[in-house]
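Below is one structure, written out as structure tokens, with a few remarks after it.
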Amino acid sequence: MQIIVRDVPPRTAWSLEQAGVHPLLARLFAARGITGAEQLDDSLARLIAPTALRGATEAARLLADAIGAGRRIVVVADYDCDGATACAVALRGLRLLGAAPDTLGYVVPDRKLHGYGLTPAIVDLAFGVFGAQPPDVLVTVDNGIASIDGVAHAKARGLQVLVTDHHLPALASTPEGDRVELPAADVIVNPNQPGCGFESKALAGVGVMFYVLLALRGELRARGRFDAASQPKLDALLDLVALGTVADVVKLDANNRRLVAQGLKRIRAGRMQPGVRALFDAAGRDPVRASGFDFGFALGPRLNAAGRMENMTLGIECLLTDDPGRATELAQQLDAINRERREVESGMREQAEAMLEALLQRDDAAGDPPAALAIYDPDFHEGVVGIVASRLKDRTHRPSFVFARGQDGLLKGSGRSIPGFHLRDALDLVSKRHPGVLKRFGGHAMAAGATLAEADFGRFGLALAQVASEWLDAAALQRTLRTDGSLGAEYFNADTVRSLEAQVWGQAFEPPVFCDRVEVISQRLVGEKHLKLAVRHGGAVRDAIWFGHSEPVGEHVVLAYQLRVDEYNGRQRVQMIVEAAS
């Protein structure tokens, strides 16, 4: 691994300091592209206006008409954390804005039974939500942009269809070349649809739905339903928006950082849904000190576990209930499912790594993995392939796909990528070079899904590796850790850690990683696989731990590390969490 230090524009850092930003934070922000203090203003007033989001105004009119006429609205969710929070935001928000509770319902696909997105089968399932009464309006959240057949089926059955999504549209091949193919919905709201000039293309599905609600509130205000002083406070939903945004690992651009920052402020002040509070309790985390880390590594995985191992209905119900006791019960169930997920994942990861080792030991492998990896075993669990693909990608620094056999006999795979390799575009190229190999595919630059026949798995793996070898050079295939340079001894304290934890970090706005040359005084294994160190840094002896690393390091090394406050028996001490060494 190559450890490099981020460039810090000195004049930018200086101007941020002059504007009152702490010197250390000024340096970190400048290295992440912040050029002025106004970009750090996280007030809701600085959010991009909902009128800038293509389709939001039309969606507001459709929903305002539906609410006014008492029409039944069914929300079709996705089975991940983004989809669950988007569903909860939709239903809670529509109630706040005047929809009668008995006119609202939802359905979420079962990953193993239905697969992803709005399919004709899911449309038919939606017709049972209100018993004998059919729905009138179907609203997708975090899905639908590629659901050509599903939307057509819903329209054929007489429904109005509003698609809210953030994924990339489908492409259709024509003699003139590829063209974007959109579903025939009444309204589409998606920052990534053609013709949308919305500045923040990285909105998560939950963020798109929140923007639709903002537009709906404005439409209802224009119709005289309420005035600015008496309008419902949609900021009560921002804990859910923040959770879904971070958990979906979308780019934390300025607009997303504001949404997340506002959600965190409300949680730290004790203002959150009962289900969110119960998830904090189940994870053993303190909401008063909530951070993006909690969303990505504590709450998000517990919600995602429901969609991976069982059914996301459990997660959505946890976010919808207003009964604290019921929320606690559901959060405990989600926690138990997450423990099961960890066990399954551990076994699959060990098996995948054994398969990787066998691949590397082949005579033609030369000790290096191919430019992209595809792994499959009949015993793999479909719900965990994405997590294992992520672990494989982290270990090898290669685009990685992991497949499991679905109930229909087809292989269902999930992939994770590295910078410089747009995974969804790579799948599109594979589909063109090898027609028929991919039954279905979709996704983003860094994550995608694919379905194929077991007989075509070998062809797919070779085809993906070929595309990767063409698109990725040696530099792109070398793992690089970008750091923020040395941390002065004066900042090595709990106050610094608290200050860093109070900021919003995440995808494309990574949490700080420092690097310093240290003297290793002692090192030993703890828990059989974690390296515990005492190092001399800045004239003092520091505690350090390298999780998941068991090999000893030299006496004088450069450590790349994050800071954490370790609390034990009422005592606090700052600890270096090692990311790499050289």
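Report, by residue number, each residue of region 441-456 that is in a strand (DSSP E or B), touching a residue at least 24 places away in the same chain (Cβ under 8 Å) and open to solvent by 20 Å² or more (accessible area, probe 1.4 Å).
Taking region 441-456 first, the residues in a strand (DSSP E or B) are 441-443, 447-452.
Applying the additional criterion that residues be touching a residue at least 24 places away in the same chain (Cβ under 8 Å) yields 442-443, 447-452.
Listed by number, the residues that qualify are Gly442, Ala447, Gly449.
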Residues of region 144-177 being in a strand (DSSP E or B) and over 12 Å from Gly117 (Cβ atoms), which ones? Gln160, Val161, Leu162, Thr164, Leu171, Ala172, Ser173, Thr174, Gly177
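Please state which one of Leu259, Leu237, Leu243, Leu216 is of a type outside the set (S, T, N, Q), open to solvent by less than 60 Å² (accessible area, probe 1.4 Å) and within 26 Å of Arg342 (Cβ to Cβ).
Working: Leu259 fails: within 26 Å of Arg342 (Cβ to Cβ); Leu237 fails: within 26 Å of Arg342 (Cβ to Cβ); Leu216 fails: within 26 Å of Arg342 (Cβ to Cβ).
Result of the check over Leu259, Leu237, Leu243, Leu216: Leu243.
Looking at region 474-494, is at least one residue in a strand (DSSP E or B), hydrophobic (A, V, I, L, M, F, W, C), in contact with a strand residue (DSSP E or B) (Cβ under 7 Å, 6 or more places away or on another chain) and open to solvent by less than 70 Å² (accessible area, probe 1.4 Å)? Give the derivation first.
We begin by selecting, within region 474-494, every residue in a strand (DSSP E or B); these are 480-483.
Among the residues that remain, those that are also hydrophobic (A, V, I, L, M, F, W, C) are: 481.
Narrowing the set further to residues that are in contact with a strand residue (DSSP E or B) (Cβ under 7 Å, 6 or more places away or on another chain) leaves 481.
Now restrict to residues that are open to solvent by less than 70 Å² (accessible area, probe 1.4 Å): 481.
Yes.
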Looking at Ala476, Ala468, can you tell me which residue is modelled with pLDDT under 95 and under 28 Å from Lys251 (Cα atoms)? Ala476
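Restricting to region 178-188, name every residue that is part of a strand (DSSP E or B) and either closer than 18 Å to Gly442 by Cβ or without any contact (Cβ under 8 Å) to a residue 12 or more places away in the chain (or both).
So in region 178-188, the residues part of a strand (DSSP E or B) come out as 178-181, 187-188.
Within region 178-188, Asp178, Arg179, Val180, Glu181, Ile188 meet the criteria.
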Unmet requirement for Leu410, which otherwise passes all of (1) under 25 Å from the mean Cα position of the chain (by Cα); (2) under 30 Å from Arg302 (Cα atoms): (1)
With (1) within 24 Å of Gly263 (Cα to Cα); (2) hydroxyl-bearing (Ser, Thr, Tyr); (3) open to solvent by 10 Å² or more (accessible area, probe 1.4 Å) as the list, and Thr12 as the residue in question, which single condition is left unmet? (1)
Condition test on Val260, is it touching a strand residue (DSSP E or B) at 6+ places or on another chain (Cβ under 8 Å), under 14 Å from Asp82 (Cα atoms) and in a helix (DSSP H, G or I)? yes
With respect to the numbered conditions (1) in contact (Cβ under 8 Å) with a residue 40 or more places away in the chain; (2) on the phi < 0 side of the Ramachandran plot; (3) crowded, with 21+ Cβ neighbours inside 10 Å, which one is the sole condition not fulfilled by Arg32? (3)
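Return yes or no: is Arg416 modelled with pLDDT of 95 or more, open to solvent by 30 Å² or more (accessible area, probe 1.4 Å) and under 20 Å from the mean Cα position of the chain (by Cα)?
Working: modelled with pLDDT of 95 or more: yes; open to solvent by 30 Å² or more (accessible area, probe 1.4 Å): yes; under 20 Å from the mean Cα position of the chain (by Cα): yes.
Considered against the rule, which asks whether it is modelled with pLDDT of 95 or more, open to solvent by 30 Å² or more (accessible area, probe 1.4 Å) and under 20 Å from the mean Cα position of the chain (by Cα), Arg416 comes out as yes.
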Name the residue that is most open to solvent (accessible area, probe 1.4 Å), counting only residues in region 221-232 that are within 15 Å of Leu44 (Cβ to Cβ) and free of Cβ contacts under 8 Å to residues at least 24 places away in the same chain. Ala228
Taking His114 and the conditions (1) farther than 20 Å from Leu220 by Cβ; (2) in contact (Cβ under 8 Å) with a residue 24 or more places away in the chain; (3) open to solvent by 10 Å² or more (accessible area, probe 1.4 Å); (4) not aliphatic (A, V, I, L, M), which numbered condition does it fall short on, given that it satisfies the others? (2)
Go through the residues of region 395-406 one by one and say whether even a single one is assigned to a helix (DSSP H, G or I) and either open to solvent by 40 Å² or more (accessible area, probe 1.4 Å) or closer than 22 Å to Gly300 by Cα (or both). yes
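When you go through Leu314, Leu356, Leu299, Leu320 one by one, which is the residue that is of a type in the set (A, V, I, L, M, F, W, C), in contact with a helix residue (DSSP H, G or I) (Cβ under 8 Å, 6 or more places away or on another chain) and at pLDDT below 95? I'd like the intermediate steps shown before the answer.
Details: Leu314 fails: at pLDDT below 95; Leu299 fails: at pLDDT below 95; Leu320 fails: at pLDDT below 95.
After ruling out the rest, the residue left standing is Leu356.
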Per-region count, region 274-320, residues open to solvent by less than 20 Å² (accessible area, probe 1.4 Å), assigned to a loop (DSSP other than H, G, I, E, B) and not hydrophobic (A, V, I, L, M, F, W, C): 1
Would you check if there is a residue in region 364-380 being among the hydrophobic types (A, V, I, L, M, F, W, C), assigned to a helix (DSSP H, G or I), out of contact with any Ser or Thr (no Cβ under 8 Å at 6 or more places or on another chain) and buried (at least 22 other Cβ atoms within 10 Å of the Cβ)? no
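Would you mind stating whether Ala358 is more than 22 Å from Gly307 (Cβ to Cβ), of a type in the set (A, V, I, L, M) and surrounded by 21 or more Cβ atoms within 10 Å (Cβ to Cβ)?
Numbers: more than 22 Å from Gly307 (Cβ to Cβ): yes; of a type in the set (A, V, I, L, M): yes; surrounded by 21 or more Cβ atoms within 10 Å (Cβ to Cβ): no.
Considered against the rule, which asks whether it is more than 22 Å from Gly307 (Cβ to Cβ), of a type in the set (A, V, I, L, M) and surrounded by 21 or more Cβ atoms within 10 Å (Cβ to Cβ), Ala358 comes out as no.
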State whether the residues of region 41-59 include one that is surrounded by 15 or more Cβ atoms within 10 Å (Cβ to Cβ) and more than 19 Å from Val212 (Cβ to Cβ). yes
Only one of Ala100, Ala90, Ala185, Ala121 that is surrounded by fewer than 20 Cβ atoms within 10 Å (Cβ to Cβ), among the small types (Gly, Ala, Ser) and more than 26 Å from Glu382 (Cα to Cα): Ala100
Per-region count, region 134-155, residues buried (at least 24 other Cβ atoms within 10 Å of the Cβ) and either more than 17 Å from Val212 (Cβ to Cβ) or over 25 Å from the mean Cα position of the chain (by Cα) (or both): 6
Single match in Leu531, Leu438 (criterion: under 27 Å from the mean Cα position of the chain (by Cα) and open to solvent by less than 30 Å² (accessible area, probe 1.4 Å)): Leu438
Checklist (1) of a type outside the set (Val, Ile, Thr); (2) open to solvent by 50 Å² or more (accessible area, probe 1.4 Å); (3) touching a helix residue (DSSP H, G or I) at 6+ places or on another chain (Cβ under 7 Å) applied to Gly83, failing item: (2)
Which of the numbered conditions does Arg498 fail, given that it passes all the others? Conditions: (1) open to solvent by 30 Å² or more (accessible area, probe 1.4 Å); (2) touching a strand residue (DSSP E or B) at 6+ places or on another chain (Cβ under 9 Å); (3) at pLDDT 95 or above; (4) not in a strand (DSSP E or B). (3)
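The values are calculated or read from the model by the stated rules, or taken from the named source; none is laboratory data. If you're wondering where the values come from, they're calculated on a predicted model, not measured in any experiment. Here Cβ is always computed from backbone atoms with ideal geometry, including for glycine, and neighbour counts include all displayed protein chains. Protein only, heavy atoms only, side chains kept; ligands, DNA and RNA dropped before computing areas. Shrake-Rupley method; radii C 1.70, N 1.55, O 1.52, S 1.80 Å.
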